[in-house]
Amino acid sequence: MIVLGVDPGTAVTGYGVVERPEPGPHRLVECGVVRAPPREPLEHRLVAIFDAITDLIARHRPDVVALETIFVARNARSAILLGQARGVILLAVARANLPLAEYAPAQIKKSVVGAGAATKAQVQRMTAQLLRLRTPPAPADAADGVAVALTHCMRAGRRFRRAVVG
């Protein structure tokens, strides 16, 4: 099973591609960030995000895409902008006709670190440990994308594999 995990953002979108071979441990295939041009209008940044996610899907052919949900704290404007980034990611997933899994930020942190209020540094360290990497995925947004993919592998991976295989 190959999972593309995405941590959306309008400036920086983190992603991680994780494979769970049968049998065997999780394996990091690729991780990184999509940096939308900061001085460009929002619609141009959204096109950059859409194109990058579409390219990742075409290159890695994931079985499923796992996406972080919106966390609304105090800033409604940030939540609206994040929703627009999620919208173009959802469009790329739908165009590829892929299954989608969504996880809340606290659920991702709890799955990977064991605590829903974990810091970005803790997420980076634990993704490195879980994937047996010498150094944590960097930058932190890339580690967050990897954590989203790992969360899906740990929480829904077995159920998804059974549905596909048997």
Looking at segment 72-89, can you tell me whether even one residue there is modelled with pLDDT of 95 or more, under 16 Å from residue 149 (Cβ atoms) and either over 15 Å from the mean Cα position of the chain (by Cα) or loosely packed, with under 15 Cβ neighbours inside 10 Å (or both)?
no
Out of (1) closer than 24 Å to residue 77 by Cβ; (2) in contact (Cβ under 8 Å) with a residue 12 or more places away in the chain, the odd one out for residue 60 is which?
(1)
Go through the residues of segment 126-136 one by one and say whether even a single one is closer than 18 Å to residue 9 by Cβ and open to solvent by 10 Å² or more (accessible area, probe 1.4 Å).
no
Could you grab the pairs with beta carbons closer than 6 Å, sequence gap of 6+ or different chains, first residue in segment 120-133 and under 18 Å from residue 106 (Cα atoms) and of a type outside the set (Val, Ile, Thr), second one assigned to a loop (DSSP other than H, G, I, E, B) and modelled with pLDDT under 90?
122/113; 126/113
Which members of segment 19-47 meet the condition of being crowded, with 17+ Cβ neighbours inside 10 Å and over 20 Å from residue 3 (Cβ atoms)?
36, 45, 46
Those residues of segment 86-127 which are touching a helix residue (DSSP H, G or I) at 6+ places or on another chain (Cβ under 9 Å), under 22 Å from residue 43 (Cβ atoms) and hydrophobic (A, V, I, L, M, F, W, C) amount to 88, 89, 91, 92, 93, 96
Of all residues in segment 102-122, how many are over 20 Å from residue 62 (Cβ atoms), open to solvent by 60 Å² or more (accessible area, probe 1.4 Å) and not in a helix (DSSP H, G or I)?
2
Among the numbered conditions (1) farther than 29 Å from residue 129 by Cα; (2) in contact with a helix residue (DSSP H, G or I) (Cβ under 8 Å, 6 or more places away or on another chain), tell me where residue 33 comes up short.
(1)
Evaluation of residue 99 against (1) over 12 Å from residue 147 (Cβ atoms); (2) open to solvent by less than 50 Å² (accessible area, probe 1.4 Å) (one fails), failing number:
(2)
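Each row is one residue, and each column tells you yes or no for (1) free of Cβ contacts under 8 Å to residues at least 12 places away in the same chain; (2) touching a Pro at 6+ places or on another chain (Cβ under 7 Å); (3) not hydroxyl-bearing (Ser, Thr, Tyr).
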position: 3; (1), (2), (3): no, yes, yes
position: 23; (1), (2), (3): yes, no, yes
position: 38; (1), (2), (3): no, no, yes
position: 43; (1), (2), (3): yes, no, yes
position: 77; (1), (2), (3): yes, no, yes
position: 85; (1), (2), (3): no, yes, yes
position: 89; (1), (2), (3): no, yes, yes
position: 97; (1), (2), (3): yes, no, yes
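The values are calculated or read from the model by the stated rules, or taken from the named source; none is laboratory data. Nothing here was measured: the structure is a model prediction, and the numbers come from that model. Here Cβ is always computed from backbone atoms with ideal geometry, including for glycine, and neighbour counts include all displayed protein chains. The protein model used for the area step is the full one, side chains on, heavy atoms only, and it has no ligands, DNA or RNA in it. Shrake-Rupley method; radii C 1.70, N 1.55, O 1.52, S 1.80 Å.
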